[in-house]
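Written out below as structure tokens is the structure these notes cover.
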Amino acid sequence: MAQFPIDKKLVVAISSSAVFDMKDAGAVYKECGEEAYRNFQRENLHNPFGKGVAFPFIRRLLHLNNLYPNEQPVEVIVLSRNDPDSGQRFFESCKHYALNITRGSFLCGKDPYPYIHAFNASLFLSANEPDVRGALQAGMPAGLVLPTQASDEPTSDELRIAFDFDGVLAGDESERVYKRDGLATFRSSEQEKSDEPLQAGPLHSLAQKLSYWQKFESKRLKADPNYKPHLRIAIVTARSAPAHTRFIKTLTAWGLAPTETFLMGGIDKSRVLRVFKPHLFLDDQLSHLEGISDEIPCVHIPFGVANDKQQSDERDNNEDLQGAQRRTLM
């Protein structure tokens, strides 16, 4: 494989618990403490972890390197709160599943997200919500993997990724208008600004770098009509006409051309997701994920105004609960 500097690669950073199922080890840590946890990891060094939420996505993403060894390579690195000793089991599990992951940081309990930019990562996937929120607040691309019962398809290498648009690929400018002033004002605003591309959102860089691979696939298909592309990118948005114009012009300005585009206009996104069956679906609103996350690997992007409101509601609920508890004790 050709050698590329890290700033020329498509890099995805992961926590160990995003790609592997570490519930058993985590239970040992919670119940018995750090030393017992380290001993458990050493004793099970050659017992590979089960597959985690992001495993199907990571396996297929790395497979692109096998298809295009002389093009811009993909690299997956681990950013972990673990110690290096415990991290040995992570790499042994990678070896077991033939995941070519060789680089990473083991930070002995420290926050991993400040190192996202150091590795030029376009996405950090973690099962730790404070790490994800901390990364996004610092202007770094991150997503929270949600628990799932979805299984991998070991015989297929096709990679399917589905993105929401506002608050994920784009910023939350339009979402703020909708939340503040309602649907009619949102539509009017989008028509007025239809020639004005939206600002980039937290996962804009990831989508752009994936689009390079789409171009490689297109060239290969032209050279070989029998070639079957391995990468499919869908955008599943709650937008519909007339708000579609600004959406399309923004994608054009960014040079993005999704394989499939779904303008749902408020219809439940799970209807098309069950057909498309992405290996990762990324959305900024939990309400779009909760009904489908058991069947499809989902990632919550807790970014923007949709999540400001959610956090406010959570604080209100907590205050109500605490108030009720205080009244009970009086």
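Coordinate-derived values only; no laboratory data. Since the structure is predicted, the reported quantities are computational estimates derived from the model, not experimental observations. Cβ: placed from backbone, ideal geometry, glycine included. Neighbour counts: every protein chain shown.
Key figures for this structure:
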quantity	calculated
Fraction of beta bridges assigned by DSSP in the chain that are antiparallel (%, nearest 5)	15 percent
Lysine pairs meeting the criterion (Cα under 12 Å, 8 or more apart or interchain), as found in the range 159-310	4
Residue order, fewest to most surrounding Cβ atoms within 10 angstrom, among Thr237, Thr185	Thr185, Thr237
Highest average packing first - 268-277, 49-58, Cβ atoms within 10 Å	49-58, 268-277
All lysines inside 29 Å of Lys30 as judged from Cα atoms, apart from same-chain residues fewer than 8 positions distant	Lys51, Lys95, Lys110
Computed [θ] at 222 nm, deg cm²/dmol, the chain (DSSP H ≥ 4; -39,500 (n - 2.57); rounded to nearest 500)	-13000 deg cm²/dmol
Charge dipole of the range 159-310 about the Cα centre (unit charges at C-beta), most positive-ward option of Leu169, Pro202, Leu159	Leu159
Listed residues Pro84, Pro197, Pro154, most fluctuating in the chain (Gaussian network, C-alpha, under 10 Å)	Pro154
Listed peptides 298-307, 218-227 by packing density, highest first (mean Cβ within 10 Å)	298-307, 218-227
Among (i) 40; (ii) 35; (iii) 31, the entry that matches percent of Cα pairs over 31 Å apart as calculated here	(ii)
Spherically averaged projected area in nm², based on the convex hull that wraps the Cα atoms of the range 159-310	9.0 nm²
Size of charge dipole - the chain - debye, nearest 20, with Cβ of Lys, Arg +1 and Asp, Glu -1, no other charges	820 debye
The range 6-145 - share of DSSP beta bridges that are antiparallel (%, nearest 5)	10 percent
Of Arg38, Arg81, Arg180, the one that fluctuates the most in a GNM where the chain has Cα springs shorter than 10 Å	Arg180
